[in-house]
Amino acid sequence: MNPINGIFVSISQKTEASIWQKLLFPILVAIPIIIGLTPLFGYFDTAVLLQSLVFQSGLLLLLVAMFHGLSTRMLKVAHRRFSLRQVLQIRANAEAERKKNAKAEPHAEEDASTEAEKQPDYVDEMSHQLQNTIMSATVILFGLGMWLIWRPLFPTIGIAEDIVIWQGTRVVDGVSISQGVTLWNLFVALLFLFGGSYVARHIRGFLEVGLFGRLSLDAGARYAAASIAGYSIVAITALIGLGQLGIDWSKMQWIIAALGVGLGFGLQEIVANFVSGLIILFERPVRVGDVVTIGELTGTVSKISIRATTIVDFDHREVLLPNKSIITDNVVNWTLNDPVTRIIVKIGVAYGSDLQKVTEILMEIATGHKDVLDNPAPLVFLIDHGDSSINFELRIFVSSPPIRWPVAHDINIAINTALAKNGIQIPFPQRDVHLFEHAAKEPA
């Protein structure tokens, strides 16, 4: 029980004793002495009972400490395996990208290896959440155990079961039975409601570390499964908590009926967004991390909630888009099944130019860029003969949407430089303007 290197330090994960540990240490040392001195004052039965309860409390503390230690150890092992899988996946992606780009620079492999060593930030954040959850579960278990152990000695602890807040009725086999809702029922209901929401917020970490790492699921599927699991936990705990308050399914029917009436008074959009959110999570037309275009909005999906979807546009603004619009409107998902996209660069050259030379220049520029894919291969087409120029199109493919604009920028600069170097002009539109002079007539 040493406050410097004893069991409390192992539970709190600290190298130095905190204030409450220093205060608790003398109390724990004094308890056996007090119990030993109690029979001298004639309280033999009390001493026996206290000895039994203290022994049970110590055993409970030992079991809770074992639970915390084993849970923390399992968390560390699972977190280590999860981090290793993440690093190996990043390395595999970097290696595949390096092999796909045959014309990469010599130091590209070294950069990819360095990037692969970096651990995603959400891994450490998730580990911190899991540690807090385990610590909270340990405190709750210890508190409930101490309440069960010391309850016989202090009957006032159970007074919450005798305080009736209101009377309720339950229907059992068609018979209405009166049932009082006590202060203890209210406490249990609040415990389920707040506990369910707390677990739902942290369920993703447990699923990521303990389950998803063993399954071949992409990021969108993991996010959808974690969201559905969280909503399910909230719904189940809410039903249990309401049941403690005497609100069973027979009474919930009136709430559902009132909700149905409310649909005609302005709740259509809320319900439509709720149902659309469920469809998005199950059907997954868009996923977290996808680059989408909805109307005039283009950005990356960062969060899918039950009411709205959050999209971060290229100005780093977070736009909340109602789920209904994703289901009913036209949605362009740039990365649903294949992130490869095509870029079309249009260029016009003057009449009389060497068209074969223009084609070679455009193809050389396309194949020489490190971010242009070899498969599908770049293509050059002479589209038409315009009023002022012969129009070409250079069609290239890139591996992901975020690099479309940088690649198009590099390609356009290289085309202008190469054409100027080879004496090929990019003409301006030709317009003939005729001016007529009207002589003013002398008045008669």
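The values are calculated or read from the model by the stated rules, or taken from the named source; none is laboratory data. Not measured: the values here are computed from a predicted model. Note that each Cβ is placed from the backbone with ideal geometry, even for glycine, and that neighbours are counted across all protein chains shown. Please note that ligands, DNA and RNA were not included when accessible areas were found on the heavy atoms of the full protein model with its side chains. Shrake-Rupley method; radii C 1.70, N 1.55, O 1.52, S 1.80 Å.
Before moving on, here are some points about what is shown:
- Percent of Cα-Cα distances greater than 13 Å, calculated over segment 302-342: 63 percent
- Protein accessible area in segment 322-381, 1.4 Å probe - carbon and sulfur %: 52 percent
- For VAL319, residues with placed amide H under 5 Å, excluding near neighbours: ILE311, VAL312, ASP313
- Long-range amide H partners of SER305 with built H, under 5 Å: THR310
- Rounded to the nearest 10 Å², the accessible area of PHE314 at probe 1.4 Å: 100 Å²
- In order along segment 44-50, the phi-based Karplus estimate (6.51 cos²θ - 1.76 cosθ + 1.60, θ = phi - 60°) of 3J(HN,Hα) comes to 6, 4, 4, 5, 5, 5, 4 Hz; Gly and Pro are listed as x.
- Amide H contacts for ILE343 (H built 1.01 Å from N in the peptide plane; partners 5 or more residues away or on another chain; cut-off under 5 Å): ILE396, PHE397, VAL398.
- Note on THR298: accessible area is roughly 40 Å² with a 1.4 Å probe, heavy atoms of protein only.
- Descending Cα extents along the principal axes, segment 253-409, whole Å: 81, 34, 25
- For segment 310-434, the dipole from Cβ point charges (+1 on Lys and Arg, -1 on Asp and Glu) about the Cα centre works out to 60 debye, to the nearest 20.
- Enclosing the Cα atoms of segment 394-433 in their convex hull gives a volume equal to 108 cubic angstrom per residue.
- Gain on full extension, evaluated as 0.36 nm per residue between ALA235 and GLU283 minus their Cα-Cα distance, stands at 15.2 nm.
- Based on Cα contacts under 8 Å between residues 6+ apart, segment 272-426 shows a relative contact order of 21 percent.
- Integer Hz, Karplus 6.51/-1.76/1.60 couplings in order for segment 135-152, x for Gly and Pro: 5, 5, 5, 5, 5, 5, 4, 5, x, 5, x, 5, 5, 5, 6, 8, 4, x
- With θ taken as phi - 60° and the Karplus curve 6.51 cos²θ - 1.76 cosθ + 1.60 applied, the whole-hertz 3J(HN,Hα) list for segment 63-78 is 5, 5, 5, 5, 4, 5, x, 5, 5, 5, 5, 4, 5, 5, 5, 5 Hz, x standing for glycine and proline.
- Figure note: LEU40, LEU53, LEU190 ranked by solvent-accessible area, largest first, 1.4 Å probe, ligands and nucleic acids not counted: LEU40, LEU190, LEU53.
- For ARG204, solvent-accessible area (1.4 Å; no DNA, RNA or ligand), Å²: 110 Å²
- Estimated from the Cβ-Cβ distance and a Förster radius of 22 angstrom, the FRET efficiency linking LEU355 and TRP405 is about 0.15.
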